[in-house]
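Chemist: I have a structure I would like to understand better, so I am pasting it below and will then ask my questions one at a time.
The values are calculated or read from the model by the stated rules, or taken from the named source; none is laboratory data. Predicted, not measured: the structure shown is a model, and the values here were computed from it. Keep in mind that these areas ignore ligands, DNA and RNA; they rest on the heavy atoms of the full protein, side chains included. Shrake-Rupley method; radii C 1.70, N 1.55, O 1.52, S 1.80 Å.
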Amino acid sequence: MASLITPTLRHLVAVLSSTASVSFAMSEYWTFIPFLRDDIPPQSLVAFWDSFLYQTIPGWLGFGMTSAIAGYLSHRCSGGLSRRLYGWGVIFELSHYAFGYIEVSQVIEKIAHGPVEQVKDMQRYWLKIHTARTLCSDIPAMICFIAAFLHLGAM
């Protein structure tokens, strides 16, 4: 029989930070979709992206790395299904950064510094990549961390 692991705050950190990461990713839709309206000039989007990216680096990098590190540490001190779920959560979380990194950085560069005529099309393309990354990386990581934490007390 597996030994009982009492869930502690250290097991919860990956849950909380990955949930914050998903919440942040969802808020980007509400932030960027209005810029695609016809009555908003593309120059507004250029100016916004130029400052937005650098101001949000601590948020998305902080949430993601906190989730990955906390998930890894929980993986190391857990057993059974929880251990596997924490491990998969870490893999999904790290895949966010590998997911089209070169392509994403090129799209963002074109939005912030490319021809103004292409800015809204590039923004639409970025939203598609963002959606795929959120569905394939961020949400699965969050689900794995939540399931791992919930399973700790059920062992």
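Chemist: Within the stretch 72-121, restricting attention to residues that are open to solvent by 60 Å² or more (accessible area, probe 1.4 Å) and among the acidic types (Asp, Glu), which residue is modelled with the lowest pLDDT?
Modeler: By that ranking, first place goes to 103.
Chemist: Condition (residue is farther than 28 Å from residue 115 by Cα, over 11 Å from the mean Cα position of the chain (by Cα) and of a type outside the set (S, T, N, Q)) applied to the stretch 20-43: is it met by at least one residue?
Modeler: No, the conditions are met nowhere in the stretch 20-43.
Chemist: Could you go through the stretch 49-59 and let me know if any residue there is small (Gly, Ala, Ser), open to solvent by less than 30 Å² (accessible area, probe 1.4 Å) and closer than 29 Å to residue 124 by Cα.
Modeler: Among the residues of the stretch 49-59, at least one is small (Gly, Ala, Ser), open to solvent by less than 30 Å² (accessible area, probe 1.4 Å) and closer than 29 Å to residue 124 by Cα, which makes the answer yes.
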